[in-house]
1. Pairs only if they're at least six apart or on different chains, beta carbon under 6 angstrom, first in region 396-409 and touching a residue at least 12 places away in the same chain (Cβ under 8 Å) and more than 30 Å from residue 364 (Cα to Cα), second of a type in the set (Val, Ile, Thr) and surrounded by fewer than 17 Cβ atoms within 10 Å (Cβ to Cβ); list them, first residue then second.
2. Being open to solvent by less than 40 Å² (accessible area, probe 1.4 Å) and more than 30 Å from residue 177 (Cβ to Cβ) is the filter here, so list the residues in region 357-386 that pass it.
3. For a quick check of your reading: which strands (runs of 3 or more DSSP E) sit entirely within region 26-101 and have at least 3 residues that are in contact (Cβ under 8 Å) with a residue 60 or more places away in the chain?
4. List every residue pair whose Cβ atoms lie under 6 Å apart, where the two residues are 6 or more positions apart in sequence or sit on different chains, the first residue falls within region 187-213 and is modelled with pLDDT of 70 or more, and the second residue, located anywhere, is charged (D, E, K, R).
5. Can you tell me which residue in region 533-585 is least open to solvent (accessible area, probe 1.4 Å), limited to those that are over 28 Å from the mean Cα position of the chain (by Cα) and basic (Lys, Arg)?
6. Tell me the residue from 605, 594 that is in contact with a strand residue (DSSP E or B) (Cβ under 7 Å, 6 or more places away or on another chain) and within 30 Å of residue 499 (Cα to Cα), please.
7. Could you tell me which residue of region 443-480 is modelled with the lowest pLDDT, considering only residues that are of a type in the set (A, V, I, L, M), in a strand (DSSP E or B) and under 24 Å from residue 412 (Cβ atoms)?
8. Please state which one of 684, 688 is assigned to a strand (DSSP E or B) and open to solvent by less than 50 Å² (accessible area, probe 1.4 Å).
Amino acid sequence: MRLAAVSLFLIFTCSGFAQSKKFPLTGTVVDEAGNAVPYATILVYSLPDSVLKDGGSTTADGLYRIELEPGSYFLKIRFLSFEEKLVPDVIIAGSAMTLPQIVLKQKDELLDAVDVTVEKPQMELKLDKRIFNIEKDMSNVGLNAAEILDNVPSISVDAEGNVSLRGSQNVRILINGKPSTLTGMSNADALRQINGSMIESVEVITNPSARYDAEGEVGIINIILKKELQTGFNGSVNVRAGYPLGYGAGFNLNYRTKKVNYFAGYGFGLQRSPGMGHNYQVFDSPDTAYRYEQFSEHERGGFSHNLNGGVDFNFTDKMSLTVSGNFQFSEGDNWSAIVYNDYDLNDALTQVVNRDEQEDDYGNSQEYNVNFRKTFAQKERLWTVDFKKMYSLDNESSALWQYGSNEPAQNTVQRTTNNENESTWLFQTDYIHPLGKEGKFETGAKVSLRSLESDYLLEDSTEDAAWVVNDLFNNRLIYTENVYAGYLMAGNKTKKFSYQGGLRAEYSDVTTNLVLTEQVNNRSYLRFFPSLHFAYELKKNNFLQVSYSRRMSRPRYWWLTPFFTFRDSRNYETGNPNINPEFAGSYELGHLKYWKKGSILTSFYYRRTVDVMERILTTDSTGITWRIPVNLGNRNSFGIECSGSYEIYKWWNMSGSFNFYRSISEGTYDNVLYTNDAYVWNGKITSKFTIKRKLSFQTSFTYESPSSTYQGSAKAQYFWDASASVDLFKGNGTLSFNARDILNSRKRRSIVESQYFYSESEFQWRSRQLTLNFVYRINQKKGKNDRPEFGGDGDSGM
């Protein structure tokens, strides 16, 4: 709390800084019919040297206000299909000035032509992040958030829905720059429930600056949701259908007036996801010698609802308050069937054991936000205050039957319950103060108070149909995580050289309490996280970037729980309440080259991680395997990543990405030395064709190489996707078809080996998927860019 108090003191102190003497230039921009022109770009040049001095953009009502020092100027006003307007001889003589109404004339050659749209590039590069605009990749239509992330360069989503950035799952996922119940207690499940039509862009931040949480070893993935800026009523409605069973519908609506903006969105989904698995295991220890082959099928699914809405109150053109909420509800029924074929040392079949599970899953989440925003007459000076309350619960109950064993004791009837709930309070404030012409100073504070409870219970049915608690699989976890953070950051630009440096401090107070076994572990620590970013603009559209940041990854809650799954009675996954966070230092050198028809971004990176969190597989004397997370030594990773696009013809565009890295790891657990030296690469190539601007076709192919692990290896994986779309109803509607994993080849295949144990497995979370999607836009145009062209919220750009 001291950090928060210090930061607030700095904010209010900074807000009183004296400013150079400037006077407001105001006015209105309209079209020939007298209608306001929103978000037109206004550029201010000094006389007589014609040097660009300042700029801005009009509001939704066509108003503008620019603070200028006394002097002589001329203006240029630009917007989309209108002719550029020149306003000469603007003289600021020591007082405020209001210009006569500025009228923009539409370009003659476009009066009777098709609608003109400004399309964002597929990728934008900022000083400390890359922005991928989702609508530019048509293969994203009709997908959920997890599937969309899998289409973004540097990001991969495995067969179970786990998200990785540059090969590591220790990545932080945010919604609109903050933690959210939309990602829930389980990113893999929650991301599948987010309708992709709600997403505007994805930010990939491999070396986050000090303004971001230190959480996430390899970086941050920030999902930006849509919010319309156009005045009046507008929105979109979409419906989809797919195979395997997958239906959905949703809408995003917005109504904006001069002082108030109302926005709302809703998404509904109903789907079934069938999958399969195969496992071959051999035990050859002094106590146990046998082998078995395991076949499994599963189907997960159900329905989900996601509702969000809110109101923006624009008290003045420089002060606003947003109140919003998000509510998510889901209910699923899942089943799995496992068959164990047991063999003796002579490969003779000894028994066939079946294990079936029927699971009911119920979850809901609530999120409430209050966001205050204050800008100032001084350009790019900004103060924000954010408050958030999140609550979520996930209740699962399962019935399990095992039968067919030669040993009666192994023929069982069981049931489990796992009730989880999480509550988080979050307060954050940030302040940006310009320094000189190009520089800025930034400070902020954040308090996050998080509590989580998880009850797990396994019961066995007796011969007289009574239920008896199994004490080995019964516990209650109470996890609290309170983090107090503050940061300072400054940056500047001199000609072609930009730099930014910062320092973040985080004090963490973490307690893990296993109530029934009375195991309490309290840890508190203060850590500092510096960050540095440099950029240099070379000749002919070449840019260099160099960056460094220190990061950390706290263990996920399911790595702490006493029991994670009981679906497979021969292969358990359990948590470790004593696991500690890992820390990493990350270095990166990047080069961006632009051509008239394309661009390529190349990054070299190195990351050193200590106290690496890794899952280790062990076996007991009965042949049961246990997978447990532990802190396992250190890891050094270094690699190269390339991504780019090129317009071969106006109707044909190619894009691709490639990542190669080497990871060297070494650590000791339970007096056993584990080492790994892995060479890993993956690549994706995408080809897009457009015919007469209305019909589009896109296809992509992804390959992930085999790699070694601490205890074996992971086999190669590849998949092919394709999509097509056509514009209807004069561009207001779009019909699209999407096929994912056409070859049905997306399967996780791995080998685990130890002194007395060998396992070879294959797993497919979801089979081939086909989706038909239709979206209709209300008072919108496809690819319309309603954002201002000039300025921003202090985001360094290139």
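The values are calculated or read from the model by the stated rules, or taken from the named source; none is laboratory data. Quick caveat: nothing in here was measured; it's all calculated off a predicted structure. For neighbour counting, all protein chains shown are included, and Cβ atoms are generated from backbone atoms with ideal geometry for every residue, glycine included. Accessible surface areas use protein heavy atoms only, side chains included; no ligands, DNA or RNA. Shrake-Rupley method; radii C 1.70, N 1.55, O 1.52, S 1.80 Å.
1. 402/412; 404/352
2. 357, 359, listed by residue number.
3. Of the strands (runs of 3 or more DSSP E) lying wholly inside region 26-101, those with at least 3 residues that are in contact (Cβ under 8 Å) with a residue 60 or more places away in the chain span 41-46, 52-57, 63-68.
4. Here the result reads 200/226; 203/129; 204/130; 205/129; 207/588; 209/128; 210/504, each pair linking region 187-213 to a residue that is charged (D, E, K, R).
5. The qualifying residue least open to solvent (accessible area, probe 1.4 Å) is 570.
6. Every option except 605 fails the conditions.
7. Among residues in region 443-480 that are of a type in the set (A, V, I, L, M), in a strand (DSSP E or B) and under 24 Å from residue 412 (Cβ atoms), the one modelled with the lowest pLDDT is 472.
8. 684
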